[in-house]
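What follows is a set of notes on a single structure, which appears directly below.
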Amino acid sequence: MVKSTGYKKVKAAVFISGTGSNLKSLIKFSKKKNSPISIDLIISNNPKAKGLKLGKVNKIKKKVFNFKNKNKIENQILSVLKHHKIKMICLAGFMKILSRNFIAKFKGKILNIHPSLLPKYKGLNTHQRVLDNNEKYSGCTVHFVNSKLDSGKIILQKKVKISKNETRDSLAKKVIIQEHKLYPKAILKTFNL
Ligand code: GRF
């Protein structure tokens with residue numbers, strides 16, 4: 001894909017495991033003129049991931065990998081990425097942890113979105129833990145991926161206020177709306193745009 005200004009968009013792959021609502025927002029963003037990336041590949045570890053359907057609708061290639069043998073699979077993924085000339089990876093609800101070796105091959109080029117104000121609440125079940133601790137605020141974070149879970153350099157964060165009768169579901173809804181806005185902004189930031 002070529003921008004009207006004449007330079008090429010960087011080819012990106014999005015890794016998902018489930019719903020793919022962030023994938024949807026990234027696809028929408030990638031089609032805009034001011035997007036520095038195009039999304040050329042969707043990768044999932046889960047053949048039932050709802051988000052895979054977005055591949056067909058948007059004519060984006062998708063590949064499913066069974067992560068039983070992680071080393072082997074990661075090598076296969078690396079060759080697929082190479083074949084498609086992918087230069088950037090966006091993790092969006094991807095439930096597998098990538099190895100140090102894999103991350104090294106895409107150093108500084110893998111981003112992730114997490115539904116908390118990192119470094120607080122790394123890992124799973126964030127919204128419930130936030131509520132259990134009576135936090136006043138939660139939010140979401142886009143960060144670079146390093147070999148430690150949810151620990152790479154933070155690119156951008158967005159805070160949300162927790163209401164009086166907040167539930168896990170209401171908080172999740174509030175946060176994900178912000179995620180959809182934050183991820184594109186964070187990508188622009190990584191390109192200094
Ligand atoms: C998001 O909350 C994201 O922050 C987390 O997993 C969820 C994925 O949602 N890593 P979706 O598949 O993008 O709808």
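The values are calculated or read from the model by the stated rules, or taken from the named source; none is laboratory data. In this text, all values refer to a predicted model and were calculated from it rather than measured experimentally. Ideal geometry is used to build each Cβ from the backbone, glycine not excepted, and the neighbour counts take in all protein chains shown. Just the protein is used for accessible areas: all its heavy atoms, side chains included, with ligands, DNA and RNA removed. Shrake-Rupley method; radii C 1.70, N 1.55, O 1.52, S 1.80 Å.
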Review point. Looking at the stretch 106-166, what strands (runs of 3 or more DSSP E) fall wholly within it and have at least 2 residues that are at pLDDT 95 or above and open to solvent by 20 Å² or more (accessible area, probe 1.4 Å)?
Key: 137-144, 154-161
**Study point:** Residue pairs meeting the criteria (Cβ under 6 Å; at least 6 apart or on separate chains; first farther than 18 Å from LYS56 by Cβ and modelled with pLDDT of 95 or more, in the stretch 3-25; second among the polar types (S, T, N, Q) and away from the ligand (no atom under 16 Å from the Cβ))
**Key:** LYS9/SER38; LYS11/SER38
Check your understanding: Hey, TYR137 hits all of (1) in contact with a strand residue (DSSP E or B) (Cβ under 6 Å, 6 or more places away or on another chain); (2) under 22 Å from LEU26 (Cα atoms); (3) not aliphatic (A, V, I, L, M) but one; which does it fall short on?
Key -> (2)
